[in-house]
Amino acid sequence: MPRGKYIIITGGVLSGLGKGITTSSIGLLLKMQGYAVTAIKIDPYLNCDAGTMNPFQHGEVFVLEDGGEVDLDLGNYERFLDINLSSDNNITTGRVYRTVIEKERRGDYLGKTVQIVPHVTDEIREWVKRVTAESSADICLVEIGGTVGDIESMPFLEAMRQLHQESPDDVIFLHTTLIPVLGVVGEQKTKPTQHSVKELRAIGIDPDIIIGRAEEPLEQKTREKIALFCDVPVDGVISAPDVSCIYEVPLLLDEQGLTDFILQRFGFRRRDGLYKWEEFVGGIKDTAEQVTMGIVGKYTALSDSYISIEEAFSHAGAALGVKVCIDWIEAEDLEEGTVSLDHLHGILVPGGFGMRGADGKMAAIRHAREKGIPFLGICFGFQLAVVEYARHVLGLDANSIEIDPETPHPVITILPEQEDVEDMGGTMRLGAYPIAVKDGTLAHRLYGTSTIRERHRHRYEVNPEYMPRLEEAGLVFSGVSADPPRMEIAEIPGHLFFIASQFHPEFTSRPLRPAPLFYGFVQAAREKKSQCSE
Ligand code: GLN
């Protein structure tokens, strides 16, 4: 097997330039050439994982098969590359230091003074190499979060410099920057890029490729100037203009010769075209039909908190030739009755925590159930759908103990093994578990199989004591996981489409393999729309 190759992606000028999408896109391009690709996200913060971070501040917490709670960029990697990653693909400062300190306590450093260079940097370098080898990747993409010049990212950059020094032909540095345009003259300015490259070079890293983000494509003049001042070949200066759909980015990068540039650097050959992907992007962009889906949530001001749901909608939409428009609905506005749901072809209640907005979410669920509007509930949305059913169909004064610990009818209760855990990082049921799907149900029709695996992130679950009563009243638990038995999917037969899952189907949706629940949901919304217009 050839040695692993590495592409190190850094960011300059400012954050939020879409480094994650660039990284994912490059991965896709190389994978489509037949190479095995993996990707690592380095987050230079001290948290050990993203599980304890507020989605308001940081965007969605993505959950991996192994239960790792990671940065949302890993979601993009999984979607673009259509692979499953592990927790080790997300390195944080907290995790590296924890490992080094544990080694020091064990006496592994044989009495030496433990230092950032070489001990921390060695740990990082070994980690990157280990993940690459374990995943048998030909190419590993390493995205370094933050902006060059931040104190936090220094040890990581130094480690990557060492990796290059160790084996210069196997490492490419790619720097993403912003090319601002000055209003009056409309000129693309390269100075901020020059400065951030200077910063990189001061730490011993010479970029091979520069990707310039700007609203419009870079002018030839701009590319030449960057090439000259930053000492990269002109064909290594690539434009990343604004696009309406993130899945277009790989096509744009490929058109400019980026794939060929990388392959040539690594001594690899070009093998294939990109038609499947082109077809998929066409499916998203050239759709005449449109449905409107409402997402009733709590963090709707920051849509990054539901990024996997948005993507799952676009995958399902592309497969069905339907454009899915999302209407973000703040659950608390529903409680005050200031918004209407009448224009929606489908209602989704996503995952969430805590009591704020719960009544609004339940009002939306009741509306969908009673008015025959397609409904998909995810995690908290599933739990609230069960509470709503117990309240308005069974007539119980029911609740989840997360919302009211004193409720007389705790239809949603705490998972037994989660009761006395103290470490906030580890109190949830996380990751993928197998689920048995009952024959003859909507869930079975959608998945087309009797055993599925889906990812979880929750503390509470359906109280098994209430299951017989709920089922007698017409709610069907069509998916159950074993040991102990846990309710995983609930549905209402006879409703156009009413289904909810304790797991998160959005985490496993892929561009060319939409999640079955989303596929069925969009299909039902299309049907609802055609019924309305009849
Ligand atoms: N708050 C609920 C629980 O902990 C749901 C979690 C979620 O939606 N991710 O079980």
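Taken together, the values in this text are just the output of simple stated rules run on the coordinates, not laboratory data. Please read all numbers here as calculations on a predicted model, not as lab measurements. We place every Cβ from the backbone using ideal geometry, glycine too, and count neighbours over all the protein chains shown.
A few comments on the model shown:
- Pairwise Cα inverse-distance average, inverted: Kirkwood Rh of the chain (Å): 24.8
- For the stretch 1-160, the fraction of alpha-carbon pairs lying more than 29 Å apart is 16 percent, rounded to a whole number.
- Sparsely packed loop sites in the stretch 1-110 (the trypsin sites (Lys or Arg not before Pro) outside DSSP H, G, I, E and B with at most 12 other Cβ atoms within 10 Å) comprise ARG3.
- Relative contact order of the stretch 114-189, defined on C-alpha pairs under 8 angstrom at six or more residues apart (%): 25
- Efficiency of FRET between GLU471 and LEU415 - r from beta-carbon atoms, R0 35 angstrom, step 0.05: 0.95
- Convex hull projection area averaged over all views, the stretch 64-129, Cα basis, nm²: 5.2
- For the stretch 329-395: rounded, prolate or oblate by the Cα gyration tensor [a/c cutoff 1.5]: rounded
- Residue list for the stretch 1-44, given a label point 7 angstrom along the Cα-to-Cβ vector of LEU512 and an amide N cut-off under 13 Å: 28-35
- Spin-label zone in the stretch 182-216 - amide nitrogen under 15 Å from a point set 7 Å from the Cα of GLN165 along the C-beta vector: 201-206
- The stretch 1-110: relative contact order in percent, alpha carbon pairs under 8 Å with at least 6 residues between: 28
- Folded to 0 to 90 degrees: helix 358-371 orientation relative to the chain principal axis, Cα: 60
- Applying 0.36 nm per residue to the separation of ASP327 and CYS245 and subtracting their alpha-carbon distance, the gain on full extension is 27.8 nm.
- Zone of ALA436's modelled label, taken as backbone nitrogen in the stretch 486-527 under 19 Å from a point 7 Å along Cα→Cβ: 486-491, 502-503
- Dipole of the chain, positive end: most advanced residue of ILE403, ALA288, GLY94 [Cβ charges, Cα centre]: ALA288
- Listed residues VAL232, VAL249, ILE307: farthest to the positive end of the dipole of the stretch 199-338 (Cβ charges): VAL232
- Extent along the principal axes, Cα only, for the stretch 233-387: 60, 31, 25 Å, with the longest axis given first.
- Relative contact order for the chain: 15 percent, from Cα pairs under 8 Å spaced at least 6 residues apart, divided by residue count.
- Average projected area [Cα convex hull, the stretch 96-177], square nanometres: 6.5
- Ordering MET53, MET428 from the fewest to the most neighbouring beta carbons within 10 Å gives MET53, MET428.
- Shape index of the stretch 424-534: Rg/Rh, with Rg the Cα radius of gyration and Rh the Kirkwood radius from the inverse mean 1/r over Cα pairs, equals 1.00.
- Rounded to the nearest 10 degrees, the inclination of helix 154-166 to the longest alpha-carbon principal axis of the chain is 60 degrees.
- Near VAL480, once Lys and Arg are set to +1 and Asp and Glu to -1 for all other residues with Cβ below 12 Å from its Cβ, the sum equals -2.
- FRET efficiency, 1/(1 + (r/R0)^6) with R0 56 Å, evaluated for LYS371 and ARG98 via beta carbons: 0.65
- Here LEU442, LEU178 are placed in order of increasing Cβ neighbour count within 10 Å, fewest first, which gives LEU178, LEU442.
- About the Cα centre, charge dipole magnitude for the chain (Lys/Arg +1, Asp/Glu -1 at Cβ), debye: 1160
- Scaled radius of gyration (Cα, divided by 2.2 N^0.38 Å) that the stretch 200-273 gives: 1.18
- A Cβ-based charge dipole, computed about the Cα centre of the stretch 92-138 with Lys and Arg at +1 and Asp and Glu at -1, lands at about 180 debye.
- Comparing LEU85, PRO493, GLN523 along the charge dipole axis of the chain, the residue lying farthest to the positive side is LEU85, per the Cβ-charge model.
- Taking θ as phi - 60° and the Karplus parameters 6.51, -1.76 and 1.60, the scalar couplings of the stretch 445-462 work out to 4, 5, 7, x, 7, 9, 10, 10, 10, 9, 9, 10, 7, 7, 10, 10, 7, 5 Hz in sequence order, x denoting glycine and proline.
- Magnitude of the charge dipole, the stretch 363-511, Cβ model with Lys/Arg +1 and Asp/Glu -1, debye to 20: 800
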